[in-house]
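What follows draws every value from the coordinates through simple rules; no lab data is involved. As the structure is a computational prediction, the values presented were derived from the model and not from experiment. Neighbour counts are summed over all protein chains in view; Cβ atoms, including those assigned to glycine, are modelled from backbone coordinates with ideal geometry.
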Amino acid sequence: MKRIFYTGIFFLIILVLLNVSCKKEFLDQKPTSALTEADYFKNIGELETGLIACYAALGPLVGFETDLWGCGDIGSDDADKGSTADDQYDLTDISYSRQNSTNSWSPGLWWDCYLIIAKCNKVIEKSSVVAGDTLEKRKIVNQAKYLRAICYYHLVTSYGDVPLVNKFLNPDELNLKRAPVADVWRQIESDLIEATDLPSKSEWGDKGIGRVTSGAALSMLGKVYLTEEKYELANNAFYQVVNSGLYSLEDDFGFIFRHNGQNCDESIFEIQHKNEIANGSLCSWTSSFRMPRDNGAGGWGFDTPTQDLFNEFEEGDPRIIYTFMFRGDVFPIDENNNYTVENSYSLSGFGCRKAWIPWSQRSGVNADFNNWEINWRYMRYAEVLLLYAESLNEMNKPDSALTLLNMVRERARKTPTTDPERISCSFTLARPNPLLPVVTTTDQTLLKHAIWHEQRVELAIEGLRRNYLLRTGRFKERMEIAKQYAGVLVQSYQLLLPVPIQEINVSNGLITQNPGY
Amino acid sequence: MKSTTLLLFLFLTCNLVARSAPQEKTVTGTVKDAITGEPIPGVYISVEGTQTGTVTDSGGNFILSAPGKGAIIVFSFIGYDRQTVFYDNQIVIDIKLVQYTEFLSEVVVTGYGTQKKSDLTGSISQVKAKDIEKSSAINVEEALQGKIPGLVVTSTSGAPGSEPVVRIRGIGTVNNNNPVYVIDGVLVDPSQGEFNLNFLNPNDISSIEVLKDASAQAIYGSRGANGVILISTKKGSEGEPTLTFNTTFGFRNIIKLPAVLNREDFKDYMITCSKNGYLRTHPGYDSEVPLDTLISLNPTLGYVLDEYNKNIYTDWYNEVIRKNVMNQNYNLTVKGGTKYAHYLADIGYLNEDGAVNKFSYKRYSLRINTDFNVGKYVTVGENLGLTYDKRQNNDYNGPIGSAMGADPLMPAYQPKDSVNVNDMNYIYDRYAVSEIGGANPLLDIELANWVQSRLMLVGNLFGEITLLKDLKFRTSLGLTGVYNHTSDYSPQFYISSRYNHPVSTVSEHNGLSYGWLLENTLTYAKKLGFHSLTALLGFTSEYSDNSYSNASKQGTPGNYPELRTFDAATLNPNLTGTFSVITMMSYLGRLNYAFHDRYLLTASVRSDGSSKFGIGHKWGTFPSFSLGWNVSNEDFFRNLKLDFISNIKIRGGWGQIGNSSLPVNYAYVSQVSSNAPDWGYPTRYVFGGQVYQGYTVSTIGTPGITWETTQQTNIGIDLAFFRNALSLTADYYIKDTKDMLLQVPLPAYSGYSSSASPYINAGSVRNKGIELIVGYTAKTGDLTYTASVNGSAFRNRVTRLEMGNKPIDIAFSRTEVGKSIGYYRGWAVDGIFQTEEDVQKYKGPDGTVLQPNAHAGDIRFKNLNNDETINDADQTMIGSPWPKLTYGFNIILGYKAFDLTLFFQGSYGNDIFDIGMWRHMNFIGSGQEFEYIFKNAWNGSGSSNSNPLLSTVDVNNNYRASTYFVEDGSYLRLKNLQIGYNIPKRICGKLKISNGRIWTGGTNLLTFTKYRGIDPEVGANSTPLLEAGYDWNNMFPQSREISVGLTVTF
């Protein structure tokens, strides 16, 4: 009897349990805190969020911007690595052009660019399945195309042949080889041409500050054509920028790099940063990396300008004090305290003024001293003018070239000789007469050198120099002169950076190393 | 009244009879070992119910006053079965005592049931409570270390409360290799959620069974692939309540730290590096390089020389490391029971202090196990373990690591007059900072405020009903729960512009993992003649929920302890968190069949469904079978009269098991999130000063992803000789992992960052191995001794990798087909160029100088492919993190009341990639250096042919991954030594206790190794697995412990 009772209970339990646990849904669990891809990118608003992620990949923490000054300045005659010997040791090798295939710094640009490219590809791909206004979709796609193009521009100039990825690849499609340089340039051109269709700066309006404009696309397109020595096309592109009337040189060179100079009239494209109160930080590390590594300064002391760069400046050029920090300069901390520059760990003794953040702008809730609200000036109007001048000169139009060149010099001349953010400057500007004389030569070679000179002093320590040297074939000569103290000897293969060794290994040899490494 | 008189009468008569018996009437005899025939001295002989007794002499002989007819004479001796003789006026009694052995009758837990050890067909190893007690282990893993062949336990850190890593039978997958644990039937996977095995107090364990081969594991289906460790906790038994108290006190000291440079050497080292760097870039320069030139090129050198002139030297090890830190452990157990109820309750307290101030671990544990017989057919009960533990700052290895690299010329503290003692932040501000970079390790310690508190619960309720005579139903509801609260506080302080926190940060992690596991099994056991059958059917379902939140907020006023709260903080609140649910359902069945105790069969199957996989891929079925043959029970064998062989059993099995231990739960679907996987940073951007939120594909799904399957074949033999005095078990296995789940590193041009790479069923791995354990127990005179040796070896080969068999390179390790997982890859060193001439002479086949950038003192790398350059193609396998052999041996000696236990454990043939040294080499120019690196460096022709010169410039790339950094990681360690004294019964009586034992001993007393780094045991622990065997030189070193202990039972 008892046993029958227990058997009954047993079957009852079994029935209840099976009922509870055997439900089919029991094994179906959906991801938490994330959407599935199948449920997303269905309308224009969602596509736009994908685009925001592309922009966002330009700016976070360390990454793209750091690659730009790391290779662009330090890997050129403009700057030394700076900082302590151990900090980013491998960057020293890039600085002295003795990097080898295992250099830990050289892959950074590759990685960061392809991360951005993949995000852009996703947006471009998804645009075809998203419902909505074609025009709006095209705006989104063309912004992504510009971002993709600038990434390829940095890839092709740094590594030569690179894999050309123009769609989002599934894991089983990842068997690309390096595409020839010519194919990459073609892709860059075509993306930029499409991006010229974007709204202009004025069409975007204030709400669109920070977005890619048609002007940004044209400027970049001009630079690309110039690099490819397609001068007529370059002129055409630059002409449109200059004639749009949307850009002008600021009167004060120093203003451009100040906090209120962000997105100024001279700005063509800037990577945006913002000190957010509620949501952590969209700040930039690029300044704290590059400010003096002095007790009291708050920087890590990288990217220190060379003596050679200093020597490039003409006597009395006011831009010098907005480019360099000198030992003994005094900056205010607050009402009672000052900071005197030491430029510790700078071989030349110079520091990088364009990265300097005054204390008055350091406040804010993200008081972490690595994080400041400073936009990266990716391209500005002065560069367009000087590139245009170079291109015109190549087309043997010295008069037009001179006009543009002298516009830039004129602005430099007008720039105040006292830095309002310094208490005192230990460097005394000479007062030559004439100051920065108007260039008049129409000799093509002389003018070319004058333009190159102007490009260097105007755009110093803005992450551009290495590509300027490579484009004009002066890299070896300049590096060996500027960094003679370190015994720099450039081998021809070192004009290109090594392809990341991880990339070669993971491709099982499909991706090859640049010869020489 | 009548009966009392009768009793009295009887008593008196008996007494009279005894008194009137002739005094010389005695019994004599000899006691011998039943197998060896050797006489046994010291055997205690007593007459039951009387005070009469004697002991055998050295020849095993005895003389006993003859007891009354019908008395029971008892022969007893440690290590032998008790024997009784009915006295029937014999004059001579010769006795053969049989050595006590559990071997044949021992019962082994096999998962969802038990089995007689003699009936086992799979490979299962067992560790008993008494072995655990002698290891003074503080967690389960330590208790297992070196005891079981095929099971490798490696310490991850010497920090208090750190948990070792356990690997069973090699490396089955590049994914998760952690075994699962089944505690009184409740399955616990420490690699999931917040769980941590530290929760289990080793004092509570009655036995541990390790299921090593597939036929044993398959009953755990998809959870079994990395091995299953079954833990049974102690239970009460029928009898008076007993109370046992035990305690351990120990003192710990760090075993070893690599010597660092003194003041002079440090200065010389800095100058040497700079000078060599200068000469590298100025070939042909042959006069003394002026210091000023060196300083102008390397400003760090200038700061070092300035500091040097201040005449200060700080021995950072001395500043940071504490000596003789204490370790205490207390346990109090009460147990007992009646016919109807059994109970055991245990409370434990453990406190470990760290060798670094503010590092500590505490554990409070409680266990209550009870069971009740309700009527004839029902048993119900529960097992419950509840633990609270608290870890302080031992989540990282910071201070000791930074002490190794800290600037030796920096003072520890600021000059007294430069800091204000009354300032609230004095405790931070008082520390000095270095001019050449690098932190002050003391400041690191001061800033460390990480505290983790966990409340962990594992238990179950069970009921068992006998439905029919041979049919039992068992239901068990297991519960697991972990609440993990971790808090941290980063104070606000200002020492200098580079050493400051302008604002304080309060942060907190709250994690809750809980789950239930419902198991219902039917067991049918029947014996019919020679046939013995056990059949099991079961259904289980499982649910686990892991949720967490991380919060931080900044800007508390001051550093007041009572204001380290979110409410007191004012700035920048930040909150993240999520939850995830994993569910599983399983059907299982097993059949055990034995015929005539000779032919054994086990077959099992389990079908598992998991929420981790997509529709159509959720279910996996895992079958197994195994056979055994007890040769020694065969008639033909008995007829051979090979009496010295007491047991021969041959076993063989095959099975498939699964592994679903993906670190991500929804790998089958692509996800879009507001967090970029690349840096974990928000995907927001600014347009027109406004911030906009972006969304991006954060993980790439693999819709077809499914179970990783491990197929294993096992052949084993069990032998025993001399009535089991000598025993041997050997196993050979082949373990194939297929459809290995792996996050394959994809080319960067894919745009997937390494953390977002999709998981795929990516390859196959084969492990082949052998395991052997030999034990011997014997006795001479008063001395008993037991020795056991175990060893295991495995060979690991990747047999297939998806995506075109591309190798997987992570850091300096490569995983590729045909080789072992994660071997070290790099260049082979071929000595040091002694002269510039040597460089020019080192040519390729066509006469090209192979290392044109090299100079005297640089490393010569082998030109393995005999071409015109030394390049990537000359890389090769330069070492492997996997040992050729791991082994352990135990010696237990007993002499009268004393016992001695020695336990050694070791590893042979594994290499360590000394990544810490590599890091030092690349960091030349600032910070402390190891003495052996400076002293052994090349400094002129003939000075060294193995260590390159030290230079701030490394044009030759001396410090690329090469054999130079690979070292032999073999070691042998005296893990435990214990000398114990068991308080004799008569003293116990006086002390009013029933048992007592005191002991003294130590842990990690001796280590034999050639390894120069901190500790060779770093070998297999580094995670992720594909970077196994790296020594980052920043681990918290192991300690040597000297301890005393006491156990008393009332």
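With the Kirkwood sum run over all distinct C-alpha pairs, region A:33-179 has a hydrodynamic radius of 17.0 Å.
Mind checking the dipole of chain B: about its Cα centre, +1 per Lys or Arg Cβ, -1 per Asp or Glu Cβ, Debye to the nearest 20? Mind dumping the intermediate values first?
Values: 90 positive and 96 negative charges, 808 e Å.
So the magnitude is around 3880 debye.
Averaged over peptide B:569-579, the number of partner chain Cβ atoms lying within 10 Å of each residue's Cβ comes to 3.
For the set B:Lys117/B:Lys212; B:Lys212/B:Lys649; A:Lys201/A:Lys274; B:Lys116/B:Lys779, the pairs lying more than 24 angstrom apart at their alpha carbons are B:Lys116/B:Lys779.
Residues B:Ile73, B:Ile810, ranked from the fewest to the most other C-beta atoms within 10 Å, line up as B:Ile810, B:Ile73. Expressed as a fraction of 2.2 N^0.38 Å, the C-alpha radius of gyration for region B:459-597 is 1.92.
Dipole magnitude for region B:737-834: computed about the Cα centre from +1 point charges on Lys and Arg Cβ and -1 point charges on Asp and Glu Cβ, it is near 260 debye.
Using just the C-alpha positions of region A:242-366 as equal point scatterers, what log10 of I(q)/I(0) does the Debye formula give at each q in 0.19, 0.21 1/Å? At q = 0.19, 0.21 Å⁻¹ the computed log10 ratios are -1.19, -1.33. As a size descriptor, the averaged projected area of the C-alpha convex hull of region B:737-805 was calculated at 7.4 nm². Ellipticity at 222 nm from helices only: DSSP H runs of n ≥ 4 in chain B, each -39500 (n - 2.57), divided by the residue count, give -3000 deg cm²/dmol.
What shape does region A:163-301 have by the C-alpha gyration tensor, where a ≥ b ≥ c are the square roots of the eigenvalues, rounded means a/c under 1.5, and otherwise prolate means a/b greater than b/c and oblate the rest? Working shown, then result.
Values: a/c = 1.81, a/b = 1.25, b/c = 1.46.
The shape class here is oblate.
Give me the mean projected area, in nm² to one decimal, of the convex hull enclosing the Cα positions of region B:751-903. Taking a quarter of the hull surface, the average projection is 17.2 nm².
Look at the dipole of the protein assembly as shown built from charges on Cβ: of B:Pro758, B:Gly185, A:His449, the Cα furthest out on the positive end belongs to B:Gly185. Projecting label points 7 angstrom from Cα along Cα→Cβ for B:Ser65 and A:Tyr239 puts them 13.3 nm apart. Computed over region A:364-517, the quotient of the alpha carbon radius of gyration and 2.2 N^0.38 Å is 1.38. For region B:339-459, the alpha carbon convex hull comes to 132 Å³ per residue, rounded to a whole number. Highest-first packing order for the peptide set B:366-372, A:226-232, B:575-581 is B:366-372, A:226-232, B:575-581, based on the mean count of other beta carbon atoms within 10 Å.
Relative contact order for chain B: 11 percent, from Cα pairs under 8 Å spaced at least 6 residues apart, divided by residue count.
Averaged over residues, the count of other Cβ atoms within 10 Å places the peptides A:169-181, A:145-157 in the sequence A:145-157, A:169-181, highest first. Computing FRET efficiency as 1/(1 + (r/R0)^6) for B:Lys896 and B:Glu837, where r is the C-beta to C-beta distance and R0 is 60 Å, gives about 0.25. One compactness figure for region B:593-637 is 1.94, namely its Cα radius of gyration divided by 2.2 N^0.38 Å.
Shown in residue order for region B:153-165 are the 3J(HN,Hα) couplings computed by the Karplus curve 6.51 cos²θ - 1.76 cosθ + 1.60 at θ = phi - 60°: 10, 10, 5, 8, 5, x, 5, x, x, 7, 10, x, 9 Hz (x for Gly and Pro).
Mean projection of the alpha-carbon convex hull of chain A over all orientations, in nm²?
Details: hull surface 130.9 nm².
If you wrap the Cα atoms of chain A in a convex hull and average its projections, you get 32.7 nm².
Panel order for B:Ile45, B:Ile63, by other beta carbons found within 10 Å of each beta carbon, from fewest to most: B:Ile63, B:Ile45. The three principal axes of the Cα atoms in region A:94-164 give end-to-end lengths of 52, 17, 15 Å, sorted in falling order. Name the residue farthest towards the positive end of the dipole of region B:513-605 from the options B:Tyr548, B:Ser580, B:Tyr524, assuming +1 on Cβ of Lys and Arg, -1 on Cβ of Asp and Glu, about the Cα centre. Farthest towards the positive pole: B:Tyr524.
Distance distribution P(r), the protein assembly as shown, all Cα-Cα pairs, bin width 20 angstrom from 0: 8, 30, 33, 18, 8, 3, 1, 0 percent.
Here the contact order of region A:146-221, divided by its residue count and restricted to Cα pairs under 8 Å and six or more residues apart, works out to 32 percent.
Report the convex hull volume per residue for region A:102-243, counting only C-alpha atoms, in Å³. Before the final figure, lay out the partial values.
Details: hull volume 18.3 nm³, N = 142.
In region A:102-243, the Cα hull volume divided by residue count equals 129 Å³.
Restricted to Cα atoms, chain B shows a radius of gyration and a Dmax of 33.8, 124 angstrom.
Using alpha-carbon pairs under 8 Å, 6+ residues apart, how would you state the relative contact order of region A:209-310 in percent? Please list the in-between numbers first.
Details: 95 pairs, mean separation 17.6, N = 102.
The normalised contact order for region A:209-310 reaches 17 percent.
Remark: mean inter-chain Cβ contacts per residue of A:428-439 equal 0, using a 10 Å Cβ-Cβ cutoff to other protein chain atoms. Put in line by how crowded their Cβ is, counting other Cβ atoms within 10 Å and starting with the fewest, B:Arg430, B:Arg684, B:Arg606, B:Arg82 read B:Arg82, B:Arg430, B:Arg684, B:Arg606.
Where does region B:825-926 land on Rg/Rh, using Cα atoms and the Kirkwood Rh?
On the way: Rg = 23.1 Å, Rh = 17.8 Å.
My calculation puts Rg/Rh at 1.30.
Taking amide H positions as modeled 1.01 Å from N, with prolines and chain starts lacking one, the residues under 5 Å from A:Asp80 and 5 or more places away or on another chain are A:Thr304, A:Thr306.
Taken along its three principal axes, the alpha carbon spread of region B:238-375 comes to 99, 30, 19 Å, from the longest extent down to the shortest.
Averaged over peptide B:952-961, the number of partner chain Cβ atoms lying within 10 Å of each residue's Cβ comes to 4.
In debye to the nearest 20, how big a dipole does region B:322-385 give about its Cα centre with +1 on each Lys and Arg Cβ and -1 on each Asp and Glu Cβ?
Working: 9 positive and 5 negative charges, 36 e Å.
The dipole of region B:322-385 has a size of about 180 debye.
Annotation: peptides B:818-828, A:260-270, ranked by per-residue average of other Cβ atoms within 10 Å with the highest first, follow the order B:818-828, A:260-270. DSSP beta bridges fully contained in chain A are about 100 percent antiparallel.
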